[in-house]
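Colleague: Input: one structure, supplied below.
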Amino acid sequence: MTRIVVLTGAGISAESGVPTFRGPDGLWEGHDIEDVATPEGFERDPDTVLAFYDARRRVAASVVPNAAHRALARLEGAIGDDLLVVTQNVDDLHERAGSHNLVHMHGELFRALCLACGARPTCDGDLIDRPHCPACGERMLRPDVVWFGEMPYDLERIEQAVVACDVFVSIGTSGAVYPAAGYVALAAAFGAHTVELNLEPTDAAVPFDDARTGPAGELVPAWVDEVLSARSPRA
Ligand code: OAD
């Protein structure tokens, strides 16, 4: 069976109403990354950082999955563990659409990380209120999102899947942040067919075999239909 790894970025959630990071009106526009997305920024001014992620969590809670998230869940429903979705997104739209075989390499807005005991409890309220950690009782919870200078989650599992896949698909990511940006080159080096579905062309580390431009809500369902019709037995 064809093994597929899909890497998603902020662009897949854009049509749900979640802002992307780069470009005009992007999330980083008007914010200094050093202030809101580094451990040092959190040490300097925890309230600003907690308020920033509390606001992002509220936005994420108010939106719903779009046709692209739903198409990937449909693909998993059809091919099961032959699909792994690796997302750089911290929203929960993939799982709300029905994806299970999913890795959040940059963490999750709806989890907190306890700086006292290391627990990663679910979190749907505001961290600026300094809630108690349900595991140890301390009030030292930060968002469980990966900041610049920190190690993304599950890198070993992701790299094993990337080198073993037959098809690698990048959806809605600018390819600006490593290690995710390097996966297309890794997949290609191990013989995978590489596909990009993005609103606009990107400066990928290596050219994709098949690069399609347009909104994810249109491109992803169409690509999933192609994959499924290629797999279904011919009449
Ligand atoms: P970016 O904001 O860098 O890139 C979003 C990409 O999605 C761009 O290439 C857009 O052209 C594309 N895009 C926008 N709308 C789209 C749509 N409707 N359909 C398809 N594509 C669309 O976001 P990421 O690549 O996800 O990391 O950013 C990667 C990482 O940088 C993030 O996970 C975050 C950030 O700093 C951390 O916070 C650690």
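Colleague: Would you work out if region 1-110 is rounded, prolate or oblate? Take a ≥ b ≥ c from the square roots of the eigenvalues of the alpha-carbon gyration tensor; rounded if a/c is under 1.5, else prolate when a/b is larger than b/c, oblate otherwise.
Modeller: Prolate, since a/c reaches 1.5 and a/b exceeds b/c.
Colleague: Okay, moving on. Roughly how many nanometres apart are two label points built 7 Å out from the Cα toward the Cβ at ARG120 and THR213?
Modeller: Modelled inter-label distance: 3.7 nm.
Colleague: Let me ask you something else. Can you give the Rg/Rh ratio of region 142-198, where Rg is from the C-alpha atoms and Rh is the Kirkwood radius?
Modeller: Values: Rg = 12.3 Å, Rh = 12.3 Å.
Expressed as Rg/Rh, it is 1.00.
Colleague: Once both labels are modelled 7 Å past Cα along the beta-carbon direction, what's the ARG58-ALA189 spacing in nm?
Modeller: Those two pseudo-labels are separated by 4.5 nm.
Colleague: Test of understanding: in a Gaussian network model of the chain with alpha carbons linked when under 10 Å, which of VAL63, VAL162, VAL85 would top the mean-square fluctuation ranking?
Modeller: Highest fluctuation of the listed residues: VAL63.
Colleague: If you don't mind, another one. Might you report the magnitude of the Cβ-based charge dipole of the chain about its Cα centre, with Lys and Arg at +1 and Asp and Glu at -1, to the nearest 20 debye? Present the calculation step by step, with values, prior to reporting the outcome.
Modeller: Values: 18 positive and 36 negative charges, 133 e Å.
Result for the chain is approximately 640 debye, rounded to the nearest 20.
Colleague: Right, something else. Let me know the charge dipole size of region 1-100 about its Cα centre in debye, to the nearest 20, where only the beta-carbon of Lys, Arg (+1) and Asp, Glu (-1) is charged.
Modeller: Details: 9 positive and 17 negative charges, 119 e Å.
With only Lys, Arg, Asp and Glu charged at Cβ, the dipole is about 560 debye.
Colleague: By residue number, which cysteines of the chain lack any other Cys whose Cβ falls under 4.7 Å from their Cβ?
Modeller: CYS123, CYS165
Colleague: Does anyone have the angle between helix 155-164 and the longest principal axis of the chain? Alpha-carbon axes, 0 to 90°, nearest 10?
Modeller: 0 degrees
Colleague: Going by average Cβ density within 10 Å per residue, which order do the peptides 104-111, 74-81, 13-20 take, highest to lowest?
Modeller: The peptides rank, most packed first, as 104-111, 13-20, 74-81.
Colleague: Roughly what percent of Cα-Cα pairs across region 185-235 reach past 15 Å? Let's see the in-between values first.
Modeller: Numbers: 697 of 1275 pairs.
Summing the P(r) of region 185-235 above 15 Å gives 55 percent of all pairs.
Colleague: Also, quick follow-up: State whether region 45-126 is rounded, prolate or oblate according to the following rule on the C-alpha gyration tensor (a ≥ b ≥ c being the square roots of its eigenvalues): a/c under 1.5 gives rounded; otherwise a/b larger than b/c gives prolate, and the remaining case gives oblate. Please report the intermediate quantities before stating the final value.
Modeller: Values: a/c = 3.04, a/b = 1.80, b/c = 1.69.
Prolate, since a/c reaches 1.5 and a/b exceeds b/c.
Colleague: Follow-up. Count charges around THR194 for me, please; just the other residues with Cβ under 13 Å from its Cβ, Lys/Arg as +1, Asp/Glu as -1.
Modeller: Working: positive: ARG212; negative: ASP166, GLU196, ASP209, ASP210.
Summing Lys/Arg as +1 and Asp/Glu as -1 gives -3.
Colleague: Which residues in region 121-152 have a backbone N closer than 15 Å to a point placed 7 Å from the Cα of ARG44 along the Cα-to-Cβ line?
Modeller: 148-149
Colleague: Okay, moving on. P(r) tail for the chain, what percent of Cα pairs lie past 22 Å? If you can, show how the numbers build up before the last one.
Modeller: Numbers: 14570 of 27495 pairs.
So the pairs more than 22 Å apart make up 53 percent of the total in the chain.
Colleague: For region 137-235, state the average projected area of the convex hull of the C-alpha atoms over all orientations, rounded to one decimal in nm². Numbers along the way, then the final one.
Modeller: Details: hull surface 38.9 nm².
Taking the Cα atoms of region 137-235, their convex hull projects to 9.7 nm² on average.
Colleague: Obtain the nm distance between the two label points defined at ASP129 and HIS100 by a simple spin-label model: each point lies 7 Å from its Cα along the Cα-to-C-beta direction.
Modeller: That separation, rounded to one decimal, is 3.3 nm.
Coordinate-derived values only; no laboratory data. These numbers come from a predicted model, not from an experiment. For neighbour counting, all protein chains shown are included, and Cβ atoms are generated from backbone atoms with ideal geometry for every residue, glycine included.
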